[in-house]
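**Q** Pasting a structure below so you can have a look.
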Amino acid sequence: MNCLLQPVVNALWLASCRRSFEKFRQNSLRLRRTQEEHLHELLKKNTNTLFGKNGSFSSIQSVDSYRSQVPLSRYEDYSPYLSEIGKGKKGILTEEEVLLFEPTSGSSSDSKLIPYTHSLKREFHHAINPWVYSLHKQFPELKGGSSYWSLSPSMHKESTSGVVKIGFDSDSEYLGLCGKIAHGIVSSVPSSVARIQCIDEFRLTTLAYLLADKNLRLISVWSPTFLTVLIDYFMRHREKVLSRMSGIGLYGINKRVLEIDRLLSETSDLPLFQLIWPHLKVISCWTDGASKEYALDLHKFFPNVHMQGKGLVATEAITSIPFLPDKSPALAINSHFFEFKEMDSDKTWLADELKVGASYNLVVTTAGGLYRYISDDIVRISGYYNQIPLMDFMGKDNGVSDLTGEKLNPIQVGNVMALIRDKFSIMPSFSLLAPLKSSGSPPRYCLFLEGVELSATCISKLLLTLDSELSDNYHYQYSRRTGQLAAPCFFQIDSASGQAHESYQNRMISLGVKAGDVKPSVLSSEEGWEKCFHGHMLASEGEEDLLCHEN
């Protein structure tokens, strides 16, 4: 694209975002009123829907009466309503027409289908626009070049559910009309690439366009491993990628291919990808929860590029946005109505009632027809911007692995892995705890690690520590002591292959998750990972039950 046009297009997009930015700042001083007004508007619009009549919306006069009359909900509670919407019936969850069902990602179970309305899309825009504007205020250089917003290959096997379409045509739908138009003009990678369903072909084509763009300023992806896998793919298939670049037909592409080929062969004190993209200023990706370690790994490729952590964005709702430099993301108060559920009870608090340092399970009410919906996104409050709480994403509360009643969750396993890294002074490039079953013996958990070389003695000590720390979970300890679970084992992933992230991503894609949405996790409830990774199982010194020595 003509580099002279890029600043103009970006400037027009920012101008369209400014109003949302100013409204967000103004409402940061009237949090309770903003939230109450938003809830009142949603209930008034949907009083005569099937859900509204069942929930007696017409009699709700306040936030407190809403919370007392409408129970907390989960996805399963919406099944009969979604079935009716799929048949084409109107006025079920919202008076507004359902445009489509958007599949969720990040789950190994069957995909959930979230109803999308025009108003729900606007709720997303009310958060994305202030973020985009504040990002460009912090980094004005971004306006002068192109950007890459993660495009995931289409994974939808069905195009409709009854009479309702499934899935957006492009991830750029989340950006709003102006953002979508701007994206189509200044994006390094054409939106048509998202229609490539073969993941290998998708990576090859994405890399060809990205590498062709020397004026790239911003990369926005969801998971840091999405970009790490692309980089690894390029380094392992250089000639193949360069050959594809030559065939994309862009002006000056042959000169660019020769330039990159030269950079690959030369020795320089500067990082390779700084030379390839000299104007790259910001990479936006997940940096919280299980993504934290992988974001640090990604930063090693781009030491001079600012890594901005994304806010909490899910298919169902957008919860927080990075608004202030070097601060935790801020609650997206102009988007939905929010409640914060205590971890050990169903008691909820409003956004202006939260304690700094406390953790909560997010509950959302949206214009898409989700009412008091438990997201199972755990956030910890780190401070405030005026009246708006700032928060860090800690992990999912529902990513539980439960073979025999042990109920392991990602947050607990993440804490245990952090302790193991410190105690044994190891920095694995990839780690995953997952079930391993074999006929004729109890199931066990296997720790998969890449990027470490351990002796048999060290493995025994590591597994002893792992078993002991997991046993702080009463249910895990009970399953171990009753023999329902065997002692954990260890799988050494071949570091020479350097493909653990790619193998993990490929399997999650096969389970129905979009490539750009694959979330790193320290825990999986899925079996069969030993078939996905290159490496071998290593036994500790002795196969005796590790916990029996504690008595």
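Bear in mind that the values in this text are calculations on the coordinates, not laboratory data. Just so we're clear, the structure is a prediction, and the values are computed from it rather than from any experiment. Neighbour counts run over all protein chains shown; Cβ positions are idealised from the backbone, glycine included.
**Q** Compute the distance in nm between two label points, each set 7 Å from the Cα along the Cα-to-Cβ direction, one at Asp472 and one at Lys87.
**A** For Asp472 paired with Lys87, the spin-label model returns 5.1 nm.
**Q** Same structure again: In square nanometres and to one decimal, what's the mean projected area of the convex hull around the Cα atoms of segment 384-501?
**A** Dividing the Cα hull surface by four gives the mean projection, 9.9 nm².
**Q** Sticking with this structure for a sec: Please list the non-local residues whose amide H lies under 5 Å from the amide H of Trp349, H modeled 1.01 Å from N, same-chain partners needing a gap of 5 or more.
**A** Residues meeting the amide H criterion: Phe340, Lys341, Glu342.
**Q** Moving on. Measuring from a point 7 Å past the Cα of Val8 along Cα-to-C-beta, which residues in segment 121-146 have an amide N at less than 20 Å?
**A** So the set is 141-146.
**Q** Counting alpha carbon pairs within less than 8 Å and at least 6 residues apart, what relative contact order, in whole percent, applies to the chain?
**A** Across the chain, relative contact order equals 15 percent.
**Q** For segment 30-47, what does the Karplus curve 6.51 cos²θ - 1.76 cosθ + 1.60, with θ = phi - 60°, yield as ³J(HN,Hα) per residue in whole Hz, taken in order and with x for Gly and Pro?
**A** These are the phi-based 3J(HN,Hα) values: 9, 4, 4, 5, 4, 5, 5, 4, 5, 5, 4, 5, 4, 5, 4, 5, 10, 4 Hz.
**Q** Once fully extended, how much extra length lies between Val400 and Leu72, figured as 0.36 nm per residue of separation less the alpha-carbon to alpha-carbon distance?
**A** My answer for the length gained is 116.1 nm.
**Q** Still on this structure: Out of residues 5 or more away from Ser73 or on other chains, whose amide H comes under 5 Å of its own, with H placed 1.01 Å from N in the peptide plane?
**A** Sorted by chain and number, the residues that satisfy this are Tyr373, Ile374.
**Q** May I have the pair-distance distribution P(r) for segment 1-79, computed from all Cα-Cα distances with 5 Å bins from 0 and rounded to whole percent?
**A** Per 5 Å bin, starting at 0, the Cα pair percentages come out as 3, 12, 14, 15, 11, 10, 11, 8, 7, 5, 4, 1.
**Q** Jot down the per residue volume, in cubic angstrom and as a whole number, of the convex hull over the alpha-carbon atoms of the chain.
**A** With only Cα atoms used, the chain gives 159 Å³ per residue.
**Q** Need one number: nm distance between label points at Arg236 and Glu453, each 7 Å from Cα along Cα→Cβ, rounded to one decimal.
**A** Between Arg236 and Glu453, the simple spin-label model gives 2.0 nm.
**Q** What size of dipole, in debye to the nearest 20, comes out for the chain about its Cα centre when the only charges are +1 on Lys and Arg C-beta atoms and -1 on Asp and Glu C-beta atoms?
**A** The calculation lands at about 1940 debye.
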